[in-house]
Amino acid sequence: MLAGTHDLILPSTDSRYSAMKIFMPTTILFDLDGTLVDTMPSFANIAAQVMSMHASLDFGHARDLYLKTSGLPFEAQLDLIVPKHSKKKAMVDTFEKRKLHFSTRAKLAPSTVEVLHHLRASGIQIGISSNSYQEQVTNFAASSPVPFDFALGFSQELSKGHSHISWLEKRGFGDRKHMLFVGDSLSDAKTAQSSGISFIAVTTTFSRDAFESEISDITCISDITGLIDLICAPSTLSGGHVHDCPAAP
């Protein structure tokens, strides 16, 4: 089981599941691309074009490899896909330039905006934890209709996982045992597991079967709206969309 001392297993009213895990975080870390915004198909196309041009990889094969290694910085993905390639820097520079240009048009879906507002209104701190370059993450957060409490990207000092979590712990966002990471990649799930925080998988890039084949006890949702039934916190919302925490069984 992924870490999370404040997770409960409760009976489910849905006949498809015998039990439902309820998370009680004080802080939620959201991956950006593929989780908060539907950018991964376009980024996969950009990456495939770059690898086809510089490394002579078949476009379809390169696209599949990009998606399979997603969640890592692109330069780390290249280390796995085309190790020690002489044109690695050119590929990284071209990809990141095109990615940054495209990402300026990425917007939160209305349903995602609603969920994020609900979480903030319930008193939960929310923010971004991404391995996209810090400039992209900062620009996205600045243009978001929902305020984020933090927006962390990839830099020389920080990256998704332990360093992001430690940065948050040192700045008063609470202990990692009260944090929850929401992401769309197998790398995200493994990062959360190795960092000692709870995780919910969004099955936009990888299927439920793919996640469950890697981590047996994992919670999956099809999109961000699925969080509403899985998160509890002292809620100030009328109607209790983010519901009050039940008593532990």
Can you confirm whether segment 96-110 contains a residue that is over 17 Å from the mean Cα position of the chain (by Cα) and over 23 Å from Pro73 (Cβ atoms)?
yes
Scanning segment 98-155 residue by residue, those acidic (Asp, Glu) and farther than 23 Å from Ala192 by Cα turn out to be Glu114, Glu135
Kindly indicate whether any position in segment 109-117 is assigned to a loop (DSSP other than H, G, I, E, B), modelled with pLDDT of 95 or more and out of contact with any Pro (no Cβ under 6 Å at 6 or more places or on another chain).
yes
Result of the Cβ filter at 6 Å on segment 220-232, keeping first residues that are among the β-branched types (Val, Ile, Thr) and partners that are not in a helix (DSSP H, G or I), at least 6 apart or interchain, is Ile221/Val202; Ile228/His241; Ile231/Phe23; Ile231/Val242
Contact list, first residue from segment 47-60 and without any contact (Cβ under 8 Å) to a residue 40 or more places away in the chain, second anywhere and of a type outside the set (A, V, I, L, M, F, W, C) and surrounded by 15 or more Cβ atoms within 10 Å (Cβ to Cβ), beta-carbon distance below 6 Å, six or more apart or interchain, is Ala48/Arg63; Ala55/His85; Phe59/Ser52
Between Phe23, Phe74, which is closer than 30 Å to Val146 by Cα, of a type outside the set (Ser, Thr, Tyr) and at pLDDT 95 or above?
Phe74
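For every residue, the table says whether it meets (1) surrounded by 16 or more Cβ atoms within 10 Å (Cβ to Cβ); (2) assigned to a loop (DSSP other than H, G, I, E, B); (3) among the aliphatic types (A, V, I, L, M); (4) in contact with a Ser or Thr (Cβ under 6 Å, 6 or more places away or on another chain).
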| position | (1), (2), (3), (4) |
| --- | --- |
| Gln136 | yes, no, no, yes |
| Ala142 | no, no, yes, no |
| Pro147 | no, yes, no, no |
| Gly172 | no, yes, no, no |
| Ser187 | yes, no, no, no |
Tell me which residues, restricted to segment 70-106, are surrounded by 15 or more Cβ atoms within 10 Å (Cβ to Cβ), among the charged types (D, E, K, R) and part of a loop (DSSP other than H, G, I, E, B).
Lys87
Using the structure shown, decide if Phe181 is aromatic (Phe, Trp, Tyr), without any contact (Cβ under 8 Å) to a residue 40 or more places away in the chain and crowded, with 16+ Cβ neighbours inside 10 Å.
no
Could you list all residues from segment 47-69 that are in a helix (DSSP H, G or I) and of a type in the set (S, T, N, Q)?
Gln49, Ser52
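The values are calculated or read from the model by the stated rules, or taken from the named source; none is laboratory data. Nothing here was measured: the structure is a model prediction, and the numbers come from that model. FYI the Cβ positions are ideal-geometry reconstructions off the backbone, even for glycines, and counts take in every protein chain you see.
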